[in-house]
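Here, each number is a calculation from the coordinates, and none is a lab measurement. Quantities reported herein were computed from a predicted structural model and do not represent experimental measurements. Quick reminder, even Gly has a Cβ in these numbers, built from the backbone with ideal geometry, and neighbours come from all protein chains shown.
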Amino acid sequence: MLRVTSFLRLATVAAILAAGVPAGAAGPQQPPASHPQTAPAPSSVPSPGCAKPGVPLCMDDGTTFVNADKMSGCQFEVKDYVDKTMAYLKCLNDENIATGQDLTRNVERFNCRLAGRKGCN
């Protein structure tokens, strides 16, 4: 009987994520039919998600750039759009970091249980 000491290598998972390989493209990995594919994710803090800001409509309005007042107003909207987009990107980054930490913790917990150790949290 073959004893498996490590189910997943985090470096491989990290390389797949870094390469931007779509889910499932790394190879078919279906769990046995007797096992559910995923468990409900425990959430200690509800995630509001990241809301992608919309592009200011004034940018597509042909009259914006022929009127100084409209152009000034549009400039304010674009600056606001830039600020909101930067906040959106930070939110995505924070979610990616948290997801990576969850992945690492769960893979380590699985490997701990697979190795037959006690106290795997």
Residues of type lysines that Lys84 reaches as a straight line, Cα spacing below 22 Å, ignoring anything fewer than 8 places off in the same chain
Lys52, Lys70
Gain on full stretching of the segment that runs from Val78 to Cys50 - 0.36 nm per residue minus C-alpha separation:
8.1 nm
Assuming R0 = 35 Å, can you tell me the calculated FRET efficiency for the pair Asp61 and Leu103, based on Cβ-Cβ distance, to the nearest 0.05?
0.20
So, R0 is 41 Å and r is the distance between the beta-carbons of Arg117 and Asn96; what FRET efficiency does that work out to, to 0.05?
0.90
